[in-house]
Structures are given as C-alpha cells and as structure tokens.
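Only one structure is covered here, and it is reproduced in the block below.
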Amino acid sequence: MKQTIWAFVTFCSLTMLFSCDNGETYADRKEREKNAINRFIKEHDIKVISYDQFLAQDSTTNVDENEYVLFNEDGIYMQIEARGEGKSMIEMAKEQSTDSTISKTILCRFFEYDIESGDTITTNKYSSSIVDKMLVKYIHRSRRYQASFTEGRMVEKYKSSVVPQGWIKPLDFIRLTRNAGKIAKIHIIVPHSSGTGNASGYVLPMYYEISYQLGI
C-alpha cells in the first residue's frame, strides 16, 4: 500500500515538474508574450488597423501614420513599407493556369529582434556579400506555399532550412522584382506560433524588417 502511495506521489511530482518551468506554465508564457507585443506596439506608436481596412486601402499600410495590419487568425502584425514592383507569386501562377505550381528563388535582407528581451538576434543587413536565399513554391490549386532556406544567416543561426510562417505571410501582398531599387520591404511582428522553431519552443515574439528580391 505504501509503495502504491509513493508511486502516486512520485508521478504527481514529475507531472508538475515537466508541466512547469520555474513555476511558469505555457499559458503564463503566452500572456507574457502578449504583454511584450502590446508594450512594443505602444512604445513604437504603432497604429493597428483591421484586415478589412487594410483591404479597403488596396492592401497597403500608411507608413507615415505607422500603420500595421493585424491578422486575427495568427496574431501577426504587418506593415508594408514598399510593395515592390512586378507581380506577386499568386499573379504569376494565375497567368499560367488555375492548376499551376510555380517555384521562385527569393533573396532576403533582414533584421531580427527579440521583442521580449530587447536584443537583436541576427541580421544580414550590414553585409553586402551575405544574403539569405529562400526557395519558395506556390501551389495555386490549394493556395499554399512551401518554402525553405537554402543559405544565409537564418540557416547558420537556427541550423534549419524551415522558413517561419511570419516570413511567408507577406508574399500574398507584395510584388517581386530583380530591380534592387524597387524591391518589396516589410516590417512584421511575429508571435511564437508563426516564428522559428526556437521562438516557438521558448514562446518568444520577434520583430523583423525584411526585403524580398526576386532571384535568378
């Protein structure tokens, strides 16, 4: 009987140990993330607009007013600094056929910032010789993207080719060109659920500035 009681106590103790980290639950971490994002928005005087307003503005954000559109389904906030010239991947696919799948190499320069700690994590913005490359496939029939990093800082930092959903999100709204003077540029707040594996595991919100240039 004593062995049964001891086994039960041990089980309960282990359950509590693995469900909490220093007494902090996943719900606690999500609340902390939410507070950090709200604080970042306030400190940077960000004006949040709805998706409906964003569409009414021809899928643009007013940079002078520091507008960011909120996507309620995933909690991402995005500002389009420059839409870019050329065509979106969706438009490229439509030109071929309604069943088409297209693949493009996209070159990205970026800045990654941990909203919670206030630290820059990694960037390639200050090196002319380093650019992050993504191979992006758009499947028009299912309206979804598949993407992987092929080289650059993100692969080096996270030892993974997986492209965070937060990097893919803007592709529906920007245009791609090889003209370096007319490339798309966005600012984006990415909750952990749409971030890197590291951000997801530690429940960390990230802020990115990213440019998208069509590769060869």
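Values quoted throughout were computed directly from the atomic coordinates according to the rules given, and no laboratory measurement underlies them. As the structure is a computational prediction, the values presented were derived from the model and not from experiment. Backbone-built Cβ (ideal geometry, glycine too); neighbour counts: all protein chains shown.
The table below gives the values:
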item: Karplus-derived 3J(HN,Hα), 6.51/-1.76/1.60, for each residue of the stretch 125-137, Hz, glycine and proline x; result: 5, 10, 10, 5, 8, 10, 9, 7, 10, 10, 9, 10, 10
item: Burial ordering of Ile183, Ile115, fewest other beta-carbon atoms within 10 Å first; result: Ile115, Ile183
item: GluC sites (Glu not before Pro), loop per DSSP, at most 12 other Cβ atoms within 10 Å - longest free stretch of the chain; result: 74-216
item: Span per principal axis, largest first, for the Cα atoms of the stretch 113-216 (Å); result: 36, 35, 23
item: Sites matching chymotrypsin sites (Phe, Trp or Tyr not before Pro) across the stretch 30-94 that sit in DSSP coil, with at most 16 neighbouring C-beta atoms within 10 Å; result: none
item: Relative contact order computed over the stretch 25-214 (Cα-Cα under 8 Å; 6+ residues apart), in percent; result: 25
item: Whole-Hz couplings from phi, Karplus 6.51/-1.76/1.60, listed for the stretch 187-203; x for Gly and Pro; result: 10, 8, 9, 10, x, 4, 5, 10, x, 5, x, 5, 4, 5, x, 9, 6
item: Förster radius 22 Å - calculated FRET efficiency between Glu85 and Ser148 (Cβ-Cβ, nearest 0.05); result: 0.30
item: Option label - Rg and Dmax of the Cα atoms in Å computed here, alternatives [x] 20.5, 77; [y] 18.2, 62; [z] 15.7, 51; result: [x]
item: For a label point 7 Å along the Cα-to-beta-carbon line of Tyr26, residues of the stretch 188-216 with backbone N under 14 Å; result: 192-194, 200-204
item: Label point distance in nm, Lys182-Glu156, each placed 7 Å from Cα along Cα→Cβ; result: 3.2
item: Extension gain from Asn38 to Asp99, taking 0.36 nm per residue of separation minus the Cα-Cα distance; result: 17.9 nm
item: For Asp64, Asp28, order by how many other beta-carbon atoms lie within 10 Å, fewest first; result: Asp64, Asp28
item: Amide proton proximity set for Thr61, modelled H, under 5 Å, gap of 5+; result: Ile80
item: Linear extension gain, Gln53 paired with Tyr126, 0.36 nm per residue minus alpha-carbon span; result: 22.8 nm
item: Chain lengthening between Val63 and Lys133 when straightened (0.36 nm per residue, less Cα-Cα); result: 22.5 nm
item: Among the listed pairs Lys47/Lys185; Lys133/Lys157; Lys30/Lys159, those beyond 21 Å (Cα-Cα); result: Lys30/Lys159
